[in-house]
Amino acid sequence: MSTFHQEWYSHYFSSVPIIESAELSVFPSDNDKLAVLSLSHGRTLACLPKEQLQKIDVHGHSNLTVAAFREKLNKAEIFLYKPDYVYKAADSLKTVGIQDNMSCRALTEDDEALFSRFCSEISEDDLDNAWVELDHWAVYGLFLDDELAVASSLYPFRDSKLADLDIVTTPIQRRKGLAKILVSYANQQMREKGYLLQYRSQIDNMESIALAESLGLELVGQYEGQKVVD
C-alpha cells in the first residue's frame with residue numbers, strides 16, 4: 001500500500017469495518033464525517049458517523065453490494081455530492097527540467113504586485129476554475145526570466161496530511177510542460193512539510209482531467225462527500 005493510500009486509510013478508514021464484503025468495506029467514522037472512496041481497482045471504502053450507520057442498518061449484511069449500500073443511503077436521505085476524481089503524485093515525480101532562466105519558489109504577500117499582474121493575463125473563468133489565491137495555505141510560482149508564468153496553491157484536505165492542489169498558467173506559457181515542473185517542485189515542498197499532494201477534479205471536467213494526465217498524476221479513485229440539504 002502506498003503512503004498516499006495509508007494516509008487516506010489512517011484518516012478515514014482506520015477503525016474496524018462493520019461490513020467487509022467482496023466489493024465494499026464500511027467503517028464507523030472516527031471524525032463524524034462521511035466519506036466514500038471508490039478505488040480505481042474496483043473496491044469501495046465508506047465511513048459514516050454512528051448515527052447514520054444506525055439509520056441505514058447495515059449490520060449483518062456481510063454480502064452487501066455497493067449498489068445496495070447506495071440505495072440504503074438514499075432511503076435514509078443521506079445524499080452525496082457528485083464524485084471527484086482523486087489523483088496523487090507519482091512516486092517517480094521529481095523536480096526536473098529547470099533551465100537557467102527558470103526558477104521556482106514560494107509566493108508571499110510581498111509578491112502581491114507581480115501576482116496581480118500575472119492574474120491580469122488570465123481569463124476570469126480560468127482563475128475561477130483554478131482557484132489559486134495568494135493568501136492560501138501554501139503558494140508556489142514558476143518564473144521565466146523573472147516573470148511569473150505558473151502559480152499553484154495548496155491547502156490541507158479535511159484536516160488530514162493530504163494537500164489539495166490547484167494550478168494555473170498564463171495562456172502564452174501553456175503546453176510547454178511548465179506546470180508539471182511546478183507541480184514536481186510543490187510535491188517536494190509538501191513532502192518536506194509532512195504532507196502528500198493530491199489533485200481533485202470533477203468527473204465531467206474534461207479540461208481538469210486532461211491537466212491531471214499532463215501533469216503525470218496517478219488516478220487513485222473517486223471521492224464523494226456528504227451533500228447538506230437545506
Of (1) open to solvent by 70 Å² or more (accessible area, probe 1.4 Å); (2) modelled with pLDDT of 90 or more, D91 satisfies all except one. Which?
(2)
Count of residues meeting criterion [open to solvent by 10 Å² or more (accessible area, probe 1.4 Å), at negative phi and part of a loop (DSSP other than H, G, I, E, B)] in segment 30-60:
7
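Being of a type in the set (V, I, T), assigned to a strand (DSSP E or B) and open to solvent by less than 20 Å² (accessible area, probe 1.4 Å), is that true of even one residue in segment 168-179?
Yes - at least one qualifying residue is present in segment 168-179.
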Restricting attention to segment 210-218, does a residue exist that is surrounded by 20 or more Cβ atoms within 10 Å (Cβ to Cβ), at pLDDT 95 or above and not hydroxyl-bearing (S, T, Y)?
no
Quick one: which of E121, E133 is open to solvent by 60 Å² or more (accessible area, probe 1.4 Å), in contact with a strand residue (DSSP E or B) (Cβ under 7 Å, 6 or more places away or on another chain) and acidic (D, E)?
E133
Look at A22 and say whether it is farther than 30 Å from L144 by Cβ and at pLDDT below 95.
yes
Output yes when any residue across segment 5-17 is on the phi > 0 side of the Ramachandran plot and in contact (Cβ under 8 Å) with a residue 60 or more places away in the chain, and no when none is.
no
Criterion: in contact (Cβ under 8 Å) with a residue 12 or more places away in the chain, part of a strand (DSSP E or B) and not β-branched (V, I, T) - qualifying residue of Y223, Y185
Y223
Give the residue, chosen from A68, A76, that is touching a helix residue (DSSP H, G or I) at 6+ places or on another chain (Cβ under 6 Å), farther than 14 Å from Y223 by Cα and either open to solvent by 20 Å² or more (accessible area, probe 1.4 Å) or at pLDDT below 90 (or both).
A76
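The values are calculated or read from the model by the stated rules, or taken from the named source; none is laboratory data. Predicted model only: the values in this text are computed from it and were never measured. Glycine also receives a Cβ, built like all others from the backbone with ideal geometry; neighbour counts cover every protein chain displayed. Surface areas here come from the heavy atoms of the whole protein model, side chains and all, with no ligands, DNA or RNA. Shrake-Rupley method; radii C 1.70, N 1.55, O 1.52, S 1.80 Å.
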